Amino acid sequence: MEDQTIADTRQVSAIGQKVTIRGWIRTRRDSKGGFSFLEVNDGSCLGNLQVVADGELPNYESEIKKLTTGCSVVITGEVKESPAKGQKTEMQADSVKVIGWCDPESYPLQKKRHSFEFLREIAHLRPRSNTFGAVARVRNQICQSVHQFFQERQFFYIHTPVITASDCEGAGEMFQVTSLNLEKMLKAAPKEVDYTQDFFEREAHLTVSGQLEAETYACALSKVYTFGPTFRAENSNTSRHLAEFWMIEPEMAFYDLQDDMTLAEAFIKRIVGDCLSKCEEDMDFFGKWVDKSLLERLEKVASSDFLRLSYTDAVEILTKSKQTFEYPVDWGKDLQSEHERFLTEKEFKQPVILHDYPRTIKPFYMRLNNDDRTVAAMDVLVPGVGEIIGGSQREERYEILEERMKAQDLDLEEYWWYLDLRRFGSVPHAGFGLGLERMVQFVTGMENIRDVIPFPRTPGSAEF
Ligand code: 4AD
Ligand code: MG
């Protein structure tokens, strides 16, 4: 099979070539002159290839004139310069072969615009729409930029487990993994669950973060990153939370919090810059149809410094501001997304890195600062999304880590291997986590996180 995509045939360089394309009909328009225009898309790019199908073709009346949105076709013909506006090329068909018919009465995707809510109900067909095709291509570009960014900087890509026995974030938002027969157990007399009878002979969960395991590799290979699915059983039905999402987590030995923030900023800028330069057609589409201020905002993010602000200073700005918030701001309380978005969208109108949060609201692994009240944590906030990255310098001092774990009621024996890193050649180190879907939201301007992952998992919903 020839490897010609529609993206290839839309280039001026294809003019004069005889090619075969394979794809799906978007629209058919019959001309009075006894021929038809077919708009064909194969997902390789946003744009369609316009195919001119002449009335002389042997299957013109019997098949071509019956083509409707969604039919799959294989078409051979010559690429020509297009007299029409908005496209450089078109194709004069020599043959149009219908591969799969698509009943217009029952096919839910029509030429008109559909709401995102409706498209969510047909998640198996929505990648055939302009918006979801564009989201998929930009998501792909982001993943490629992630790997290139780290590989160019001599990071090693490692794979941390999906099934784990430790709760990295200590928030108790984990899905349990078991091979016990729950129905059978329920029928038996209710008693305590005996996990030694379970598959792993202990309680196990889906990971909320690969960080703890990534730390072990950073304390050997110096710079590593993990990039995989993570799971959170938090009951937040918001436009920014998923129960299953993808996270990129770099971890660096000998990095402090400043180094961590500098890397996070360069990382976001690289992804934004790549999407703007390599996904021009899709990005223009988002700028035109999804968010009019998107491109200007992203250009600015790619070219200006992020603001760094301590949590303490942020609390002061928030308490002094005239804005009314649903939740009160108070030193020692976690910031709500309304506070974060006020800072990045209204007060500063640019990405903001908040750092040095109160120790009491952060997980055990974050490094205690000299003031004894705060830890070396940082969150990157961006306009339109809010928190996009969470990270910290890790506590490398054995005694202090042990003390913090006890204070948070963790079972030290379960984390023996994590503590070992602090016993044997301990080093300062730091890392962060970027939520892939929030990054896709930021780059595309898509409002709802359910629309930037192919099959969203949220409370009460695991269809497809
Ligand atoms: O701030 P979080 O919870 O940090 C960690 O998990 C650290 N262990 C990361 C590290 O230091 N290696 O999560 C990191 C990021 C958030 O900033 C957000 O972008 C994303 O992961 N995230 C979610 N995205 C979608 N749905 C959810 N429920 C998310 N929870 C976190
Ligand atoms: Mg966080």
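The values are calculated or read from the model by the stated rules, or taken from the named source; none is laboratory data. If you're wondering where the values come from, they're calculated on a predicted model, not measured in any experiment. In this analysis, Cβ positions are derived from the backbone assuming ideal geometry, glycine residues included, and neighbour counts consider all displayed protein chains.
For every residue, the table says whether it meets (1) closer than 21 Å to Phe267 by Cβ; (2) modelled with pLDDT of 95 or more; (3) part of a strand (DSSP E or B); (4) of a type in the set (A, V, I, L, M, F, W, C).
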{"position": "Leu354", "(1), (2), (3), (4)": "yes, yes, yes, yes"}
{"position": "Asp371", "(1), (2), (3), (4)": "no, yes, no, no"}
{"position": "Ala376", "(1), (2), (3), (4)": "yes, yes, yes, yes"}
{"position": "Ser392", "(1), (2), (3), (4)": "yes, yes, yes, no"}
{"position": "Glu399", "(1), (2), (3), (4)": "no, yes, no, no"}
{"position": "Glu402", "(1), (2), (3), (4)": "no, yes, no, no"}
Being β-branched (Val, Ile, Thr) and over 11 Å from Ala204 (Cβ atoms) is the filter; apply it to the stretch 150-184 and report the residue that is surrounded by the most Cβ atoms within 10 Å (Cβ to Cβ).
Thr160
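Here is a yes/no grid of residues against (1) within 16 Å of ligand 2 (Cβ to nearest atom); (2) surrounded by fewer than 20 Cβ atoms within 10 Å (Cβ to Cβ):
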| residue | (1), (2) |
| --- | --- |
| Glu215 | no, no |
| Gly228 | no, yes |
| Asn235 | no, yes |
| Leu242 | yes, no |
If I filter the stretch 143-153 for residues that are part of a loop (DSSP other than H, G, I, E, B), more than 24 Å from Ala253 (Cα to Cα), touching a residue at least 12 places away in the same chain (Cβ under 8 Å) and out of contact with any His (no Cβ under 8 Å at 6 or more places or on another chain), do I get at least one hit?
no
Residue under question is Thr207, and the condition is that it be under 20 Å from Asp379 (Cα atoms) and within 13 Å of ligand 1 (Cβ to nearest atom); does it hold?
no
Being over 28 Å from Arg404 (Cα atoms) and within 13 Å of ligand 2 (Cβ to nearest atom) is the filter here, so list the residues in the stretch 373-388 that pass it.
Val385, Gly386
Scanning the stretch 25-38 for residues that are touching a Lys or Arg at 6+ places or on another chain (Cβ under 9 Å) and closer than 15 Å to Ser95 by Cα, which turns out surrounded by the most Cβ atoms within 10 Å (Cβ to Cβ)?
Leu38
Take the stretch 371-407 and flag every residue that is farther than 15 Å from Phe306 by Cα, within 13 Å of ligand 1 (Cβ to nearest atom) and of a type in the set (D, E, K, R).
Arg394, Glu395
Quick test for you: out of Gln323, Gln350, pick the one residue that is polar (S, T, N, Q), more than 15 Å from ligand 2 (Cβ to nearest atom) and either assigned to a helix (DSSP H, G or I) or surrounded by 15 or more Cβ atoms within 10 Å (Cβ to Cβ) (or both).
Gln350
Qualifying position, being out of contact with any helix residue (DSSP H, G or I) (no Cβ under 8 Å at 6 or more places or on another chain) and farther than 20 Å from Phe432 by Cβ, among Asn130, Asn140:
Asn140
Checking Ala407 against (1) touching a Ser or Thr at 6+ places or on another chain (Cβ under 8 Å); (2) modelled with pLDDT under 95, which single condition isn't satisfied?
(1)
For the stretch 325-344, check the following and say yes or no: at least one residue is free of Cβ contacts under 8 Å to residues at least 24 places away in the same chain and of a type in the set (Val, Ile, Thr).
yes
It is to be established whether one or more residues within the stretch 220-241 are part of a helix (DSSP H, G or I), of a type outside the set (D, E, K, R) and either in contact with a Lys or Arg (Cβ under 9 Å, 6 or more places away or on another chain) or closer than 23 Å to Leu401 by Cβ (or both).
yes
Given (1) exposed (fewer than 13 other Cβ atoms within 10 Å of the Cβ); (2) part of a strand (DSSP E or B); (3) among the small types (Gly, Ala, Ser), index of the condition Ala93 fails
(1)
Are any of the residues in the stretch 194-205 surrounded by 12 or more Cβ atoms within 10 Å (Cβ to Cβ) and either within 16 Å of ligand 2 (Cβ to nearest atom) or assigned to a strand (DSSP E or B) (or both)?
yes
State the number of residues belonging to the stretch 45-84 that are of a type in the set (Asp, Glu) and either modelled with pLDDT under 95 or crowded, with 16+ Cβ neighbours inside 10 Å (or both).
2
Residue in the stretch 422-439 that is farthest from Glu387 (Cα to Cα), counting only those that are of a type in the set (D, E, K, R) and within 15 Å of ligand 2 (Cβ to nearest atom)
Glu437
Would you point out the residue of the stretch 285-311, among those that are buried (at least 16 other Cβ atoms within 10 Å of the Cβ) and among the aromatic types (Phe, Trp, Tyr), that is farthest from Thr444 (Cα to Cα)?
Tyr311
Quick check: is even one residue across the stretch 446-463 within 19 Å of Cys168 (Cα to Cα), away from ligand 2 (no atom under 16 Å from the Cβ) and in a helix (DSSP H, G or I)?
no
Residues of the stretch 416-438 satisfying the condition of being part of a helix (DSSP H, G or I), surrounded by fewer than 19 Cβ atoms within 10 Å (Cβ to Cβ) and not hydrophobic (A, V, I, L, M, F, W, C)
Asp420, Arg423
Subset of the stretch 244-271 that is outside any helix (DSSP H, G or I) and acidic (Asp, Glu) - its residue that is farthest from ligand 2 (Cβ to nearest atom)
Asp256
